[in-house]
Amino acid sequence: MTDVIAFLGLGKMGEPMARRLLEAGLPLTVYNRTAEKTAALVAAGATTADTPAEAVSAGGVVFTMVANDAALEEVTLGDHGFLNRLGEGGVHISLSTIGVKTATHMGNIHAKAGAAYLCAPVFGRPPAAAAGQLGVAISGDPTAKARIRPLLEPLSRRVDDFGDAPGAANLVKLAGNFMIGSAIEALAEACALVEKGGVDRQAFVDLLSNTLFDCPVYKIYGDGIAQSVYQPAGMRLVLGLKDIELVLDAAHGMGVAMPLGSLIRDRLIRAVTGGHGEDDWMAADVAAREDAGLTS
């Protein structure tokens with residue numbers, strides 16, 4: 001792979017992913033809205049750019065890992081957006097969790113510019129990103145997927161292909177995040193129940209996460225909820241709320257009832273208004289404890 005790679009968005013997930021590409025020996029140009037966040041990667045060998053457009057090369061490859069739909073549209077289509085420069089033969093790999101409608105729109109806009117748009121949202125928290133152990137769901141143009149497949153190897157432990165529709169992989173990611181949110185809610189309610197009954201929360205989580213629920217979601221979130229420790233935030237609660245709202249929007253558009261999704265959204269809204277928006281989204285546990293009459 002001889003492309004000069006652009007990587008836009010160096011937050012808690014983006015920075016370790018960009019670093020993995022650098023460590024794999026790939027030539028990398030980086031951009032971040034807060035320019036200071038590029039310094040460590042530049043020291044490690046990356047080149048920096050002042051705008052998204054300056055970061056990409058004509059016909060090249062660009063990764064984006066930004067917070068939401070609006071941020072993706074800004075770096076791609078805004079005043080300093082990169083799409084016109086990327087142009088014919090270029091490939092845009094969107095790693096962000098965005099709405100299905102936005103992903104479909106992006107696919108259409110890129111096609112008109114002669115470029116390919118690939119949805120490649122990731123499953124995993126910052127430590128998994130740093131270790132190159134993310135799960136990647138991908139969809140979009142087959143030729144573009146074959147071209148960039150080697151670039152995903154330093155980032156992931158597995159890549160699952162969900163076909164040619166641009167929004168398919170994002171729908172998979174939203175459904176997965178809905179399931180994580182559901183697990184958090186179940187853990188929070190169960191921990192509140194056993195605590196109210198005089199049982200140690202951590203002992204309860206240790207039993208379940210090493211027997212019936214021996215899986216990463218219950219282990220990672222179970223310990224945080226059992227100990228009421230919501231920092232550092234691997235997934236900020238405001239972003240979790242954004243994702244659940246996107247899940248419900250997709251469900252509404254397809255005529256799918258998701259009553260549990262509505263409950264999780266309300267729980268997260270309550271946590272945001274309670275001042276936990278920048279905590280990990282397992283801080284939804286606070287409301288479950290309050291509803292059980294337990295003090296924080």
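Any idea what angle helix 216-227 forms with the longest principal axis of the chain, computed on alpha-carbon atoms, 0 to 90 degrees, nearest 10?
Taking Cα atoms only, the helix is inclined about 50 degrees.
If I take R0 = 41 Å and measure r between the Cβ atoms of residue 143 and residue 260 in this structure, what FRET efficiency does the formula 1/(1 + (r/R0)^6) give, to the nearest 0.05?
For residue 143 and residue 260, the calculated efficiency is 0.60.
What angle do you read, to the nearest 10 degrees and between 0 and 90, between the alpha-carbon axis of helix 168-196 and the longest principal axis of the chain?
Value to nearest ten degrees: 20.
Students often check this: by mean Cβ neighbours within 10 Å, which of 218-225, 94-101 ranks highest, and how do the rest follow?
With the highest mean Cβ count within 10 Å placed first, the list reads 94-101, 218-225.
Sort out for me the Cα centre separation of segment 232-296 from segment 107-166, rounded to whole Å.
27
Given a 1.4 Å probe, how much area per residue of segment 1-59 is accessible, in Å²?
47
Helix 237-254 versus the longest principal axis of the chain: what angle, 0 to 90°, nearest 10, using Cα atoms?
80
Which pairs, out of 37/101; 112/173; 196/242; 219/242; 101/219, put more than 28 Å between their alpha-carbon atoms?
The pairs that break the limit, which is 28 Å between Cα atoms, are 37/101; 196/242; 101/219.
Taking only DSSP H segments of four or more residues, each worth -39500 (n - 2.57), what value at 222 nm results for the chain once the sum is divided by all its residues, to the nearest 500 deg cm²/dmol?
Rounded to the nearest 500, the figure is -15000 deg cm²/dmol.
Which length gain, in nm to one decimal place, applies between residue 294 and residue 40 when the Cα-Cα distance is subtracted from 0.36 nm times their residue separation?
The residue 294-residue 40 span can extend by a further 87.1 nm.
If I compute solvent accessible area with a 1.4 Å probe over the protein chains, what percent of it on segment 80-223 is carbon and sulfur?
Reported share for carbon and sulfur atoms: 60 percent.
The values are calculated or read from the model by the stated rules, or taken from the named source; none is laboratory data. Computed from a prediction, not measured in an experiment: that's the story for all the values here. Positions of Cβ are generated from backbone atoms using ideal geometry, with glycine treated the same way; all protein chains shown enter the neighbour counts. Heavy atoms of the whole protein, side chains included, go into the accessibility calculation; ligands, DNA and RNA do not. Shrake-Rupley method; radii C 1.70, N 1.55, O 1.52, S 1.80 Å.
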